[in-house]
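All remarks here apply to the structure that follows.
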Amino acid sequence: MEFNIDECKINKNNVYISGWCHKTKYKIKVVSKGEEKYIQNYIPRFDICIAFHEKIDNNCYGFKEELTFDDNVKKLNIFLEDEKESILIYKYDNRKIINILKKIKKFLGKIKRGIKFLWREYHFLVPPVMIKEYIKMILKDDKKKSVYNPRIISEYNSWLNSKNYEETDKTISEKITIISDFSNEYVNYVVDDDFSKIIDKVKTEYVCLIKGKIKLESKFLSVVENELKDNKSDLIYFDNDFVISDVYQNPILKPDWSKDTLLGVNYIGNCFIIRKNLLKNEKTFNLYKILLNQLDKEIVVKHIPIILYHDYNSISNGKKELLEYLRKNKIEAEVKTNYDGITNTLIYKVDGKDLVSIIIPTKDHAMILEKCLVSIYEKTTYKNYEIIVIDNNSEEKETFDLLKKYKKKYKNFNYKRIECEFNYSYINNEAVKMSKGNYIVLLNNDIEVITPEWLEYMLGYAKQKHVGTVGAKLIFPDETIQHAGIIIGKGGIAGHAHYAEKRNTESFNYELSIPYNYSACTAACLMIKKSVFLSVGGLEEKLKVAFNDVDLNLKILEKGYYNVFLPNVELYHHESKSRGLDTSLEKQKRFAQECSYIKEKWGKYLNHDKFYNDNLSKDYDYMLK
């Protein structure tokens with residue numbers, strides 16, 4: 001039986017109490033100076049249904065009551081009773097209140113940050129385990145840890161040892177030929193000057209390519225043998241770590257096949273398996289070049305999320321290979337090497353001919369909207385755009401005056417009033433119908449432009465045939481991250497990656513350094529080709545508030561497109577202020593139903609996010625399970 005007192009306020013002889021209990025039949029008894037009172041008002045708590053993965057129904061998990069006692073309350077005990085027992089679940093003693101307040105004051109800063117951390121936007125629920133772990137972190141209780149930090153060598157090695165890899169037969173598989181430029185016990189052929197001659201000698205259907213000195217995990221061959229049984233995969237790759245000073249460290253826990261990520265760094269690494277016939281035109285033994293040459297082919301790629309090799313080599317920059325790939329495919333783009341010296345950012349060139357329609361829903365809060373509009377008009381370097389503001393039930397004169405002012409001032413500004421119950425999906429779908437551009441940007445009214453070239457960068461990716469949605473890095477005014485891609489399954493449904501971390505935090509697997517493929521990005525700032533948006537039916541109007549952007553991204557992903565997050569596009573996000581928090585029972589029930597919709601429709605992605613390794617925790621971003 002799980003329960004919680006959410007709030008208990010005492011004012012002289014009046015006591016206000018609210019909370020929940022995950023049980024269908026129970027009673028709450030409140031005792032003060034021997035006087036006993038029972039709560040009578042039991043209410044539905046749909047969020048509890050979600051937390052415990054139950055069907056949404058009219059339960060009585062919640063309670064809320066104001067009780068009046070004969071005397072002022074100095075001491076108070078609250079009991080939870082059922083047919084079997086009575087449990088003391090809350091104790092109040094006025095004489096200790098001074099000490100309690102001192103402790104609260106001492107941790108005020110951390111508690112404030114914790115509340116902000118947990119009360120995030122409506123994109124996902126915070127799971128109970130995460131709340132418990134966060135409380136432990138506040139209290140500096142490091143004795144019990146549910147996750148490993150991959151950056152701490154001892155923790156990573158402890159995690160790796162827990163996998164209990166079995167020793168297997170180390171004989172070379174008859175299904176693959178192993179080729180390397182460094183001789184070891186597994187290698188069939190050591191590369192010489194002409195790689196194509198070696199390929200001609202190969203009799204097997206598959207080739208394992210190894211660059212430099214690496215150590216294969218003992219389970220490597222058996223895992224590969226098992227994967228080759230169905231003979232469906234064209235390219236197979238695995239997770240790995242590095243050997244530094246004879247110690248395993250820096251694990252690279254990879255996403256599934258990610259085209260845009262590969263253009264930024266050879267995340268697949270120095271060991272992979274590929275069909276021989278895909279190598280027939282390769283003249284040189286250059287693994288990154290070989291991988292780039294597979295990007296435009298219709299091949300089946302399999303990622304095995306197991307640490308199967310340990311690399312002694314450092315990661316090298318692939319700018320030379322990337323530039324050659326761009327020239328070969330006649331792609332006009334600039335390549336910028338990032339500060340780490342390893343990764344590259346690809347910036348596609350745009351000619352300015354494409355009209356971009358920026359759609360901004362709003363309700364009142366004219367000052368917030370104007371801050372957004374001013375930042376767009378004053379900072380945006382790309383000029384071929386239109387702004388469409390959708391006014392949903394505004395009531396304040398300042399809002400109407402602002403819209404009229406901008407309509408008069410700018411030829412590329414327009415607005416439309418839609419009077420209906422707030423439905424984010426419907427509002428934006430209607431706006432897309434009146435848009436003139438071939439590309440649309442869904443933008444919140446509380447966004448402020450930081451990166452002047454934001455539209456050029458996003459449009460460059462949106463124009464690529466394989467790209468679906470393009471998202472941006474959103475920053476809170478306190479210089480912490482609000483959005484850096486969405487992890488499907490985080491918090492039970494979906495959640496922002498690197499939420500509340502510092503703006504320039506170091507990323508785990510390059511995801512904050514390069515244009516990076518995620519399953520989804522937030523619609524607080526999202527660019528998409530209009531034809532792609534319409535081809536999937538736009539935003540799902542059953543999802544009025546929550547997860548409509550997640551659903552849109554996943555529909556596009558199902559169509560075979562890749563969604564990409566651009567860390568070099570930064571905007572401030574002042575958080576949603578127009579709509580307010582979901583505090584009423586009606587809003588809670590709506591939110592619960594939207595959660596259920598996503599779970600039923602996209603269960604396979606909740607279980608396995610293709611762009612977030614299965615070895616990583618869904619409670620703590622980029623931490624080992």
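Taking the condition surrounded by fewer than 16 Cβ atoms within 10 Å (Cβ to Cβ), closer than 24 Å to LEU459 by Cα, without any contact (Cβ under 8 Å) to a residue 40 or more places away in the chain and in the same structural domain as LEU443 (by TED's automatic domain parsing), does LYS379 pass? Against the criterion (surrounded by fewer than 16 Cβ atoms within 10 Å (Cβ to Cβ), closer than 24 Å to LEU459 by Cα, without any contact (Cβ under 8 Å) to a residue 40 or more places away in the chain and in the same structural domain as LEU443 (by TED's automatic domain parsing)), LYS379 does not qualify.
Candidates ALA494, ALA500: the one that is closer than 20 Å to HIS574 by Cβ and in contact with a Phe, Trp or Tyr (Cβ under 8 Å, 6 or more places away or on another chain) is ALA500. Scanning segment 20-47 for residues that are closer than 21 Å to ASN58 by Cβ and in contact with a Leu (Cβ under 9 Å, 6 or more places away or on another chain) turns up CYS21, LYS23, TYR26, LYS27, ILE28, ILE39, ILE43, PRO44, ARG45, PHE46, ASP47. Those strands (runs of 3 or more DSSP E) of segment 327-367 in which 1 or more residues are out of contact with any helix residue (DSSP H, G or I) (no Cβ under 7 Å at 6 or more places or on another chain) occupy 333-337, 356-362.
Scan segment 524-549 for residues that are under 16 Å from VAL467 (Cα atoms) and among the aliphatic types (A, V, I, L, M) and jot them down. Residues satisfying the conditions are LEU526, MET527, ILE528, VAL532, LEU534, VAL536.
Within segment 499-516, residues that are farther than 15 Å from TYR620 by Cβ sit with their Cβ atoms under 6 Å from residues that are in a loop (DSSP other than H, G, I, E, B) and acidic (Asp, Glu), at 6+ positions apart or across chains, in these pairs: ARG503/GLU479.
Residue check: is ALA472 surrounded by 22 or more Cβ atoms within 10 Å (Cβ to Cβ), farther than 19 Å from LEU534 by Cα, at pLDDT 95 or above and in contact with a His (Cβ under 6 Å, 6 or more places away or on another chain)?
no
Yes or no: ASP446 under 27 Å from the mean Cα position of the chain (by Cα), buried (at least 19 other Cβ atoms within 10 Å of the Cβ) and acidic (Asp, Glu)? Yes; evaluated as a whole, the condition is true for this residue. For the structure I just gave you, tell me whether ASP551 is at pLDDT 95 or above and either within 25 Å of ASN613 (Cβ to Cβ) or over 20 Å from the mean Cα position of the chain (by Cα) (or both). Answer is yes for this residue. For LYS336, are the conditions met, namely being free of Cβ contacts under 8 Å to residues at least 24 places away in the same chain and surrounded by fewer than 16 Cβ atoms within 10 Å (Cβ to Cβ)? Yes, satisfied. Might you check whether a residue that is acidic (Asp, Glu) and closer than 30 Å to GLU600 by Cα occurs anywhere in segment 77-89? So far as segment 77-89 goes, no, none of its residues is acidic (Asp, Glu) and closer than 30 Å to GLU600 by Cα.
Can you tell me how many residues within segment 6-25 are within 18 Å of ASN77 (Cβ to Cβ) and aromatic (Phe, Trp, Tyr)? Number of matching residues: 1. The residues in segment 186-225 that are of a type in the set (Asp, Glu) and closer than 28 Å to ILE244 by Cβ can be counted, and the count is 1. Flag set for GLU227, criterion: in contact with a Lys or Arg (Cβ under 8 Å, 6 or more places away or on another chain) and either outside the structural domain of ASP311 (by TED's automatic domain parsing) or of a type in the set (D, E, K, R) (or both). Filtering segment 352-372 to residues that are closer than 20 Å to ASN568 by Cα and either surrounded by fewer than 19 Cβ atoms within 10 Å (Cβ to Cβ) or of a type in the set (Phe, Trp, Tyr) (or both) leaves only GLY352. If you go through segment 453-497 and keep only what is touching a residue at least 60 places away in the same chain (Cβ under 8 Å), among the β-branched types (Val, Ile, Thr) and touching a strand residue (DSSP E or B) at 6+ places or on another chain (Cβ under 8 Å), you end up with VAL467, THR469, VAL470, ILE475, ILE486, ILE487, ILE488. Scanning segment 29-66 for residues being in contact with a Phe, Trp or Tyr (Cβ under 8 Å, 6 or more places away or on another chain), over 30 Å from LYS490 (Cα atoms) and part of a strand (DSSP E or B) gives a total of 9. Only one of the listed residues (GLU65, GLU36, GLU54) is of a type in the set (Asp, Glu) and within 21 Å of GLU85 (Cβ to Cβ). That residue is GLU36. From the list ASN240, ASN188, the lone residue that is farther than 15 Å from GLU282 by Cβ, crowded, with 16+ Cβ neighbours inside 10 Å and in contact with a Gly (Cβ under 6 Å, 6 or more places away or on another chain) is ASN240.
Among the candidates SER258, SER218, which residue alone is surrounded by fewer than 19 Cβ atoms within 10 Å (Cβ to Cβ) and either assigned by TED's automatic domain parsing to the domain that holds ASP194 or more than 30 Å from PHE565 (Cα to Cα) (or both)? Going through SER258, SER218 in turn, just one is surrounded by fewer than 19 Cβ atoms within 10 Å (Cβ to Cβ) and either assigned by TED's automatic domain parsing to the domain that holds ASP194 or more than 30 Å from PHE565 (Cα to Cα) (or both): SER218.
Conditions (1) of a type in the set (A, V, I, L, M); (2) more than 23 Å from PHE611 (Cβ to Cβ), marked per residue:
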site: ASN414; (1), (2): no, yes
site: VAL432; (1), (2): yes, yes
site: LEU474; (1), (2): yes, no
site: PRO477; (1), (2): no, yes
site: GLY485; (1), (2): no, no
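For first residues located in segment 529-555 and touching a residue at least 60 places away in the same chain (Cβ under 8 Å), partners that are of a type in the set (Val, Ile, Thr) and not in a helix (DSSP H, G or I) and lie 6+ apart or on another chain with Cβ distances below 6 Å form the pairs LYS530/ILE440; ASP549/THR522; ASN553/THR469. Across segment 18-73, which residue is surrounded by the most Cβ atoms within 10 Å (Cβ to Cβ) among those that are without any contact (Cβ under 8 Å) to a residue 40 or more places away in the chain and among the hydroxyl-bearing types (Ser, Thr, Tyr)? Going through the qualifying residues, I end up with TYR42. Annotation for segment 217-240: at least one member residue is closer than 23 Å to SER316 by Cβ and among the aliphatic types (A, V, I, L, M).
The values are calculated or read from the model by the stated rules, or taken from the named source; none is laboratory data. What you are looking at is a predicted structure, and each value in this text was computed from that prediction instead of being measured. Neighbour counts run over all protein chains shown; Cβ positions are idealised from the backbone, glycine included.
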